[in-house]
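Following: one structure in structure tokens, then a few remarks.
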Amino acid sequence: MTRGDAVPSLQRLLLRDVLSALALIWLLGTAVAVTVAFFFAQRAFDRSILDDAYFLGGGVTLHEGRLRLILSPGELRTVLFDQGETMAFDIRTIEGEPIAGNRVLKPPEPPYDVGYSFDDIALDGQSFRTVTLRLETPLPFVVTVAQSTQARTALLRELVGLSLVLQLAL
């Protein structure tokens, strides 16, 4: 046997096998941790816009046979305040007649399901997460609230970056 045909040492084989398996486990662990963290962060963001939709829906009353939003501009600014995101809302009758809101935001097409549903849309070249909420009183109507997704995207980048840094530190 010549020197060029030398068999790798046991130490080298173990290091190669163990380190490659460890790197794979670290990568999978990071992916799982980031996915779980992002899932729960998404739920928190979604819950926030659902709360906004319920608040807006609570401000709709029946006046002279028509639905109308009775919240003041200050109350609207407060409920739709988000320092880092763009917010929009639309309130319509089940038949599609506008009650209040941003006319650029189009709710999903009827028939609306009772309860609420989330969706991802593009508006003016920007990504938004929406919730559409159907309420039955005083008459059936639909509230749609949209929030841009910049903070969600930034959070995901931070989660991935921090997870990778911490995994590499190990």
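The values are calculated or read from the model by the stated rules, or taken from the named source; none is laboratory data. Just so it is clear, the structure is predicted and the values come from calculations on it, not from any experiment. Cβ sites come from the backbone with ideal geometry, for glycine too, and all protein chains shown count toward neighbours. When the accessible area is computed, the model is the full protein with side chains, heavy atoms only, and any ligands, DNA or RNA have been set aside. Shrake-Rupley method; radii C 1.70, N 1.55, O 1.52, S 1.80 Å.
What to note about this one:
- Any hit, the stretch 45-61, residues being touching a residue at least 60 places away in the same chain (Cβ under 8 Å), outside any helix (DSSP H, G or I) and not basic (Lys, Arg): yes
- Any hit, the stretch 54-63, residues being under 23 Å from Arg152 (Cα atoms) and open to solvent by 50 Å² or more (accessible area, probe 1.4 Å): yes
- Matching entry among Gly84, Gly74 (being farther than 24 Å from Thr153 by Cβ and either in a loop (DSSP other than H, G, I, E, B) or over 19 Å from the mean Cα position of the chain (by Cα) (or both)): Gly74
- Residue ID - most open to solvent (accessible area, probe 1.4 Å), chosen from residues in the stretch 119-170 that are of a type in the set (Asp, Glu) and in a strand (DSSP E or B): Asp120
- Leu15 fulfils the conditions (1) part of a strand (DSSP E or B); (2) open to solvent by 40 Å² or more (accessible area, probe 1.4 Å) except for a single criterion, (1).
- Test: residue in the stretch 86-94 that is open to solvent by less than 50 Å² (accessible area, probe 1.4 Å), farther than 21 Å from Thr61 by Cβ, in contact with a helix residue (DSSP H, G or I) (Cβ under 9 Å, 6 or more places away or on another chain) and of a type in the set (A, V, I, L, M): yes
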